[in-house]
1. Which GluC sites (Glu not before Pro) in segment B:471-503 pass both tests, a DSSP loop state and at most 16 other beta-carbon atoms within 10 Å?
2. Rank these for me by crowding, B:371, A:66, A:109, B:504, going from fewest to most other beta carbons within 10 Å.
3. Compute the convex hull volume of the Cα atoms of segment B:349-432, divide it by the residue count, and report the result per residue in Å³ as a whole number.
4. Find the eigenvalues of the gyration tensor of the Cα atoms of segment A:12-67, then list the square roots of 5 times those eigenvalues as equivalent ellipsoid semi-axes, largest first, in whole angstrom.
5. Pull up the DSSP beta bridges for chain A and report the antiparallel fraction as a percent, rounded to 5.
6. Would you please name the GluC sites (Glu not before Pro) within segment B:1-76 that are DSSP coil residues with at most 15 other C-beta atoms within 10 Å of their C-beta?
7. Determine the calculated [θ] at 222 nm for chain B from helices alone, applying -39500 (n - 2.57) to every DSSP H run no shorter than 4 residues and normalising by the residue count; nearest 500 deg cm²/dmol.
8. Relative to the longest principal Cα axis of chain A, at what angle does helix A:12-21 sit, 0 to 90 degrees, rounded to 10?
Amino acid sequence: MSVKNDTIKFSDELTKFIMEWKEKPGNLIMILHKVQEEFGYIPRDAADKVSEMIKVPLAKIYGVITFYHFFKLTKPGDFNIQVCMGTACYLKGGDGLIEEIESLLGIKTNEVTKDGKFSIEAVRCVGCCGLAPVLVVGEEVFGKVTKDQLPGIISKFN
Amino acid sequence: MALRNYILVCGGTGCESAGADSIYKNLISECELQGVADEVQIIKTGCFGFCEQGPIVKILPEDSFYVQVKPEDAKELVSEHIVKGREVARLLYNKNESKKHAKVEDIEFYQKQFRIVLRNCGFINPENIDEYVAREGYAALEKVLFEMTPDDVINELKVAGLRGRGGAGFPSWMKWNFTKQVEDDVKYVVCNADEGDPGAYMDRSTLEGDPHSILEAMTIAGYTCGASKGYIYIRAEYPLAIKRLEIAMGQAREYGLLGEDILGSGFGFDIEIRLGAGAFVCGEETALLASIEGERGMPRPRPPFPAVKGLWGRPTVINNVETWANIPVILLKGGEWFSKIGTDDSKGTKVFALTGKIRNSGLVEVPMGTTLREIIFDIGGGIANGREFKAVQTGGPSGGVITKEHLDTPIDYGSLTGLGSMMGSGGMIVMDEDDCIVDVTKFYLGFSVDESCGKCSPCRIGGRSLYNLLDKITKGDGEMEDIDKMKEIGAAMKKASLCGLGQTAPNPILSTLHYFEKEYLAHIKDKRCPAGKCKELISYNILADKCIGCTACARKCPVDAIIGERRQLHRIDPDLCIKCGVCLETCKFGAVFVR
Ligand SMILES: Cc1cc2nc3c(=O)[nH]c(=O)nc-3n(C[C@H](O)[C@H](O)[C@H](O)COP(=O)(O)O)c2cc1C
Ligand code: FES
């Protein structure tokens, strides 16, 4: 059994959630969502701790994490810029937006800037196709984005 | 005091992102400031569908339809419209033609629409159960619980002829009946809200705009089939929809419409939300069930079908959001009424997410049998920026394209399949002459390859091979034999894949090869991309008679590939050019062109 469970601290809320869901069948994905909500990704130590708390093998937890795109194994930037690459956004130039953001931030998609501030992610349709091309930073949705607006959007979070 | 006006502010995700919340708050404070707060009710509703023109504000009873409203317009809307009773002409839709298009029913976008699924979207506050109830909400549930037997319900759905809106179009009454007939003391009802098709957001808007309709319908299914527990499996990417569902569930429990002994009938039913985690294959029903069980979302062979052996091995009715949203209306108005809408093959309406190169993108609900031309040109207003219509894609990564010749086909499940596409969940993506068919097809294949769960080899290996062939063609290395290879691999995948993902992934290729073979040949034989999209096959050039030597493009070029003195003809160095297209965007004189 893992002994790392002291290396990471879960908030009371998270611990309570896990305890509530512990006995429910099919709880793993819901618990991982909650862990990711707390840390922004799923740290190895957190996976270890979850494994211990709900008595599910770590291998199974990693099996699930790696299957689902939504779960992240590395820490994203403070502001994760999600550029929609759904069909509608792709046709309206979503790929061009990604290239431009990459050049503005000097990183590639799925990388984090040195100061840990920004990361870029290409995501599937975020469900605002009427506003294509769309990008999302945190809770904020930007629609009908043009390349010219990108520096402004980035500086908003800087 | 009676209310004088109702102000409806669109609270769909699109309008929210464009400031709807500030508009809502400003309207409230302006009404207070201007002393009319008691006479006006301000409601934040679900999506109006006309996303292109958002944020949208509608004022009743005049039915004035204000578009592209800004937070700072709140003051004028209140002082003019509410206080003085004068419409604010500059904000009305189509203001140029004075008041001609002020009313909703006069707007072309809405004229051919017929709303069953979206009946409440844009009319009620989705966070208030009373408003749902006021529009006959939960009346169907009451009728079912006290006046109908389970067989009556199934019979009504049979008469209605409702087919599943999640893609496959399976008759809903049959599914329900299978589950009902299996003897088991534990059964489940599931709502598929995974909406994986990129470029589609019908289900999202329905959930955000009218969450109670889904809860009501699932409860009806529980009663009919003998289940007491339901799950809504929803994408984690839809936070607003999740929040509104949670609020709705709480209110329904409070009103005794969910939980034990519903409305004193003795029947109990409750619903739990389960989040998806960004895997397209989890929209497939057996994979979805695996995911609710907390496993990797891998499909399972069918049969056994979920209706008989589903969640945790128990009989499970699983339907799509839009299918659910139809149920209460059918039971209230009768199957007979519903069956009169639509075509022989497909009854009722269908919601489409009309996007891409269309002037009015948005959500539209039309009777089955409406033609593509009506949807794209009458409702959608045609192609944006004066370009030519090229094709419309339906069915997402499982579907295909439909060309100009077939625009007058009345759409239903059968006719779309006949054209080599499919209904799918309702994404309708319009392409114009600037879109390269081979490139878009590669986009879809890339999607299917990424989303393949890897369990069966036809899908895992076949999909990758198809993608590689397309990639080769878009890079100018295609050979004639590649076309036959793609057809062969595609046929094998259709036959041998385990689930619908692999079985339908070749469709975009097969369909575009059928309708746009010439464009493939241009890439393969002439090494040319007619739409000017495939980077390896195009070059940027400057027209001598148009370039005035303003140096604007040269200053913008990120790699200094443009050479030329001030007032002299410029030239692009093809070896340095990275084909980013900035020069084309920059040039005001139309001197840059793509070959
Ligand atoms: C690869 C794949 C993805 C699917 N994605 C969805 C989806 O996102 N939403 C949905 O409702 N149905 C989806 N389906 C269809 C479901 O398997 C199933 O047919 C549907 O949930 C049944 O509901 P209905 O009868 O109401 O249409 C998908 C099917 C396949 C093969
Ligand atoms: S395709 Fe980008 S929001 Fe739907």
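All of the numbers you see were taken from the coordinates with simple rules; none came from a lab. None of the values given here were measured: they were computed from a predicted structure. A quick note on method: Cβ atoms are made from the backbone with ideal geometry, for glycine too, and the neighbour counts reach across all protein chains shown.
1. Counting only loop positions with at most 16 other Cβ atoms within 10 Å, the GluC sites (Glu not before Pro) in segment B:471-503 are B:479.
2. Fewest-to-most Cβ neighbours within 10 Å comes out as A:66, A:109, B:371, B:504.
3. Taking the convex hull of the Cα positions in segment B:349-432, it is 72 Å³ per residue.
4. Equivalent ellipsoid semi-axes, largest first: 15, 14, 10 Å.
5. Bridges in chain A that DSSP calls antiparallel: roughly 55 percent.
6. B:62
7. So the calculated ellipticity at 222 nm is -10500 deg cm²/dmol.
8. 70 degrees
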